[in-house]
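The values are calculated or read from the model by the stated rules, or taken from the named source; none is laboratory data. In this text, all values refer to a predicted model and were calculated from it rather than measured experimentally. Using ideal geometry, Cβ is built from the backbone for each residue, glycine included, and neighbour counts are taken over all protein chains shown.
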Amino acid sequence: MSLKDKLPGTLGFGTAPLGNMFRNIPEDEAAATVHAAWAAGVRYFDTAPFYGAGLSEIRLGDALQAYNRDAYVLSTKVGRVILDELDNSSRDLGEKSGVFEHGLRNKIVNDYSADATLRSIEDSLKRLKTDRLDIVWIHDIAQDFYGDQWLHYFEQARTGAFKALTRLRDEGVIKAWGLGVNRVEPIELTLALDEAKPDGFLLAGRYTLLDHERALQRLMAEANAHNTDIVVGGPYSSGILAGGEHFEYQKASPEIVAKVQRIKRIAQEHGVDVKAAALQFALANPAVAAVIPGASRPGRIAEDVAALRAVIPAAFWTSLREAGLIAGNAPVPV
């Protein structure tokens, strides 16, 4: 059974914003956003301990108590372990530094070993107030600021988390596992391994309307050949494609802002909403099982649902190709 068969639809909810991503979100607003997603028919929720040092999991778990556990799919991540120890210093998290400055202050450590994987799952179950997880992603093996050290973490995961999660899947404790990363390289390396048999991958920010060339040319066809599905996270490129100012978790550069403006001008010419273009572009690739945009306000959920239903004229995609804004061989909706 493929990952697509295990997901309840092509639109999920990425709950990184519930960890106070970029701003201090009131508790009632966070809860209302989860309930809005449920009311809109969303039944796949993705979170991680890293999001606000446990805050996203806590908030999501509280909100989902209102619903039947059998009615939705839940995924979280391992590898970024949350400790009871508090850390009030400035955290060096590379490109993600400052993203969760309004989150909880618990210390975060990297540990991709088998023991840490099992401990992390137990901690997540408590925060989420649930008795089981459906999908577990191995998180952030290849962040930019790791440098060459990411290969060390990958090897630790290969001998630790990979095996632990394979055993849990084989025992029926979880339904699926894979990597949850924002780089193409660790997915390529995993697909090349004989012993690793992940069910899919969560790729954040690397297959978007704004940034897709490397994933398209190096990864998507290979994943499809392996019958391994991709969940696309961050389809709005950290928010810049949805009217925000961030790209790659930081304030967008003038060059990125200019590129987005070119996309917006073409979208306006064709009467197309950029959010609709972003979601539908990601889903047009046959390797993609679902998209999981984030949201921190209830109204954003309705926008996402409307974006998936919007009709986009073929001429819009032709115009983007002619302008060099999407790759010539990138699949587009038909």
ask   = Asn20 versus (1) in contact with a His (Cβ under 8 Å, 6 or more places away or on another chain); (2) on the phi < 0 side of the Ramachandran plot; (3) not small (Gly, Ala, Ser): which is the lone unmet condition?
value = (2)
query = Within the bounds of segment 202-221, is there any residue that is more than 28 Å from Leu64 (Cβ to Cβ), surrounded by 22 or more Cβ atoms within 10 Å (Cβ to Cβ) and small (Gly, Ala, Ser)?
reply = yes
task = Please work out which residue is farthest from the chain's Cα centre (by Cα), limiting yourself to segment 294-326 and to residues that are of a type in the set (A, V, I, L, M), surrounded by 15 or more Cβ atoms within 10 Å (Cβ to Cβ) and farther than 30 Å from Leu18 by Cβ.
result = Leu320
remark   = Matching residues in segment 295-334 (more than 12 Å from Ala277 (Cβ to Cβ) and either assigned to a helix (DSSP H, G or I) or in contact with a Pro (Cβ under 9 Å, 6 or more places away or on another chain) (or both)) number 19
query = Looking at segment 17-49, which of its residues are at pLDDT 95 or above and under 16 Å from Ser124 (Cβ atoms)?
reply = Leu18, Phe45, Asp46, Thr47, Ala48, Pro49
task = Mind listing whichever residues of segment 224-250 are under 14 Å from Ala278 (Cα atoms) and assigned to a helix (DSSP H, G or I)?
result = Ser237, Ser238, Gly239, Ile240, Leu241, Ala242
query = Any residue at all in segment 173-195 that is assigned to a loop (DSSP other than H, G, I, E, B) and touching a Ser or Thr at 6+ places or on another chain (Cβ under 6 Å)?
reply = no
query = Just wondering, is there one or more residues in segment 258-265 that are farther than 22 Å from Arg309 by Cβ, touching a helix residue (DSSP H, G or I) at 6+ places or on another chain (Cβ under 6 Å), modelled with pLDDT of 95 or more and of a type in the set (A, V, I, L, M)?
reply = yes
